[in-house]
Amino acid sequence: MDISIIGSGYVGLVTGACLADVGHSVICVDNDQRKVDALRQGLIPIYEPDLEEVVHRNVSAHRLRFTNSIQEGVDRSQIIFIAVPTPPQPDGSVDLTYLAGVARGIAEVLTEYRVIVDKSTVPVNTGEKVAETIRRYNKANVDFDVVSNPEFLREGCAVADLMNPDRIVIGSNSDRALTLMKKVYEPFMAPIMVTDVNSAELIKHAANSFLALKISYINAISAICEASGADIERVADGIGADKRIGRSFLNAGLGYGGSCFPKDVAAFVAISEQLGLPFSLLKEVQRVNQTQLERFLKKIRDALWILKDKRIAVWGLTFKPDTDDVRSSVAVELVEGLLKEGATVRAYDPKGMDKIVELGLCKGVSLAKSALHAVEGAEALILATEWDEFKRVDFEAARKIMHTPILFDGRNLYDPKTMKELGFRYFGVGRASEG
Ligand code: NAD
């Protein structure tokens with residue numbers, strides 16, 4: 001099928017590449033000319049495992065191309081996906097100006113029937129607004145349908161998730177659109193769940209908020225573990241072995257971050273308030289998340305006392321491993337907190353450092369060439385993102401070059417006993433400190 005994707009970021013580019021890979025003809029549209037130029041030269045603006053290979057393969061096969069023209073996308077595609085940002089406003093509600101702009105842009109060039117598919121994460125009832133906007137600005141009065149197809153990919157394994165999703169949710173109030181959408185997803189061996197547009201929109205916010213709730217739940221228990229001498233890892237294993245609960249998303253740490261969970265929880269809080277049904281449970285999820293980082297910073301202060309002029313190494317800046325995405329990363333918030341208190345921070349991340357520079361984050365941090373380079377002369381090391389690379393570091397070598405071997409493990413990546421044997425003072429989350 002002929003498909004266009006408007007917005008070629010983490011979601012749009014991966015979606016476009018994967019739809020091309022199963023045989024569709026895809027045009028990725030973006031209004032960032034530098035991004036379009038880079039993609040045309042074969043340069044991938046984000047790091048995502050396997051993405052580069054899939055993009056190159058499909059560009060060579062002429063199934064995937066890039067443009068800055070919405071008109072080109074609309075003219076040449078039966079299906080138009082929208083994957084533009086839906087960032088939070090200061091009050092937590094969703095800023096829908098990008099989406100509204102694209103809806104208007106589509107309307108102005110729409111000349112025959114198209115299915116317009118919203119893949120961006122949006123508040124329930126947004127599809128109706130998109131349809132209204134298109135009707136208002138389309139002078140030709142063309143027939144069209146608006147479908148909601150929320151995206152559940154995880155950065156770090158986005159290609160694998162897109163090729164092999166748990167489910168594909170299609171929210172459509174039109175049989176004509178639904179038939180076309182089923183054809184788009186025919187090559188994927190995944191269950192298709194058909195709903196109305198409003199339910200599909202709600203599924204996305206409800207799913208992400210539930211995952212955030214699981215994280216805050218285990219983090220709240222980690223505080224109880226610290227106060228009572230229990231071990232959060234054993235407790236999480238014990239809870240997670242129950243099939244009704246499951247072990248995933250029960251990893252205590254620094255809290256959730258990234259470009260989705262904080263904004264989607266805030267959005268769901270705002271949506272429920274607008275509907276007159278304040279979701280106070282989710283406000284508590286947010287509070288626990290904020291407290292988790294504060295508790296960790298306190299642990300560092302308690303052990304090191306005054307942070308001003310202390311040399312601290314930080315491993316990990318991205319919001320999770322296997323991505324270069326540092327947007328709303330808790331690791332970044334942590335580094336910025338340390339810098340604010342006057343600490344001298346040297347950080348290392350396998351993939352995220354370019355984006356730190358590009359986005360102007362962590363002003364004053366020095367970026368290291370390697371994990372070991374980061375710890376030279378450090379009075380403490382903080383593990384902030386659980387990259388595999390950090391499991392394999394030579395800790396004998398690290399201890400020798402550190403000023404003082406103190407380890408704050410913000411993701412419970414290491415075994416406290418082993419670290420103690422290696423000569424480190426160890427502080428984890430929700431487990432006995434110092435091993
Ligand atoms: P992103 O910032 O990585 O990409 C968005 C792209 O849209 C950018 O390249 C930007 O230049 C482009 N853009 C903005 N306005 C445009 C316009 N008018 N015309 C053409 N292009 C335009 O964002 P993302 O992470 O891909 O997220 C997109 C949406 O998908 C958001 O609603 C997000 O909540 C949702 N989502 C994200 C993820 C994720 O893991 N990143 C997962 C599921 C859903």
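Computed from the coordinates by the stated procedures, all read-outs in this text should not be read as laboratory data. In this text, all values refer to a predicted model and were calculated from it rather than measured experimentally. Counting neighbours? That spans all protein chains shown, and the Cβs are built from the backbone with ideal geometry, glycine included.
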Under 20 Å from the residue 111 label point (7 Å along Cα→beta-carbon), backbone N, the stretch 67-99: 67-81
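So if I place +1 on the C-beta of Lys and Arg and -1 on the C-beta of Asp and Glu, and nothing else carries charge, what would the dipole magnitude of the chain be about its Cα centre? I want it in debye, nearest 20.
600
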19 Å Cα-Cα threshold exceeded, pairs from 310/391; 214/283; 320/391; 340/363; 204/263; 391/417: 310/391
Euclidean distance between Cα centres, the stretch 1-76 to the stretch 144-158, Å: 15
Can you compute the charge dipole magnitude of the stretch 311-375 about its Cα centre, using +1 on each Lys and Arg Cβ and -1 on each Asp and Glu Cβ, nothing else charged? Give it in debye, rounded to the nearest 20. 200
Cross-chain or 8 or more residues apart, Cα under 22 Å: how many lysine pairs in the stretch 2-195 fit that? Count them up, please. 5
Which listed residue (262, 134, 375) has the Cα farthest towards the positive end of the charge dipole for the chain, taking +1 on Lys and Arg C-beta and -1 on Asp and Glu C-beta about the Cα centre? 375
Which whole-number percent gives the relative contact order of the stretch 211-427, counting Cα pairs below 8 Å spaced six or more residues apart? 17
Note down the magnitude of the dipole of the stretch 22-158 about its Cα centre, charges +1 on Lys and Arg C-beta and -1 on Asp and Glu C-beta and zero elsewhere, to the nearest 20 debye. 320
How high is the relative contact order of the chain, in percent, with contacts defined as C-alpha pairs under 8 Å that are six or more residues apart? 12
Once both axes come from the Cα atoms, what is the angle between helix 126-137 and the longest principal axis of the chain, in degrees from 0 to 90, rounded to 10? 40
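With the Cα gyration tensor of the chain in hand, give its eigenvalues times 5 under a square root as the equivalent ellipsoid semi-axes, listed largest first in whole angstrom.
Largest first, the chain gives 42, 24, 19 Å.
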Helix 10-21 versus the longest principal axis of the chain: what angle, 0 to 90°, nearest 10, using Cα atoms? 60
The farthest towards the positive end of the charge dipole of the chain, of the residues 96, 366, 5, given +1 on Cβ of Lys and Arg and -1 on Cβ of Asp and Glu, is 366
Determine ³J(HN,Hα), in whole Hz, for all residues of the stretch 120-125 in sequence, where each value follows from phi through the Karplus function 6.51 cos²θ - 1.76 cosθ + 1.60 and θ = phi - 60°; x replaces Gly and Pro. 5, 7, 10, x, 4, 5
May I ask you to evaluate 6.51 cos²θ - 1.76 cosθ + 1.60, the Karplus curve with θ = phi - 60°, for each residue of the stretch 80-88 and list the ³J(HN,Hα) values in order in whole Hz, giving x for glycine and proline? 10, 8, 10, 9, 9, x, 10, x, x
Note the angle between two axes, namely the Cα long axis of helix 175-185 and the longest principal axis of the Cα atoms of the chain, as a number of degrees from 0 to 90, rounded to the nearest 10. 50
Farthest toward positive dipole pole in the stretch 211-427 [+1 Lys/Arg, -1 Asp/Glu at C-beta], among 397, 424, 315: 424
Where does each of 15-25, 284-294 land if you order them by average Cβ count within 10 Å, highest first? 15-25, 284-294
Students often check this: by mean Cβ neighbours within 10 Å, which of 250-260, 80-90, 179-189, 234-244 ranks highest, and how do the rest follow? 250-260, 80-90, 179-189, 234-244
Starting from the Cα of residue 336, step 7 Å toward the Cβ, then list every residue of the stretch 275-291 with an amide N under 19 Å from that point. 286-291
Can you give me the C-alpha center-to-center distance between the stretch 358-435 and the stretch 183-244, rounded to a whole angstrom? 28
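Tell me, what is the Rg over Rh of the stretch 211-427, with Rh the Kirkwood radius over Cα pairs?
Across the stretch 211-427, the Cα-based Rg/Rh ratio is 0.98.
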Computed curve, the stretch 265-364, Cα-only Debye sum without solvent term, log₁₀ I(q)/I(0) at 0.14, 0.15, 0.17 Å⁻¹, is -0.65, -0.72, -0.85
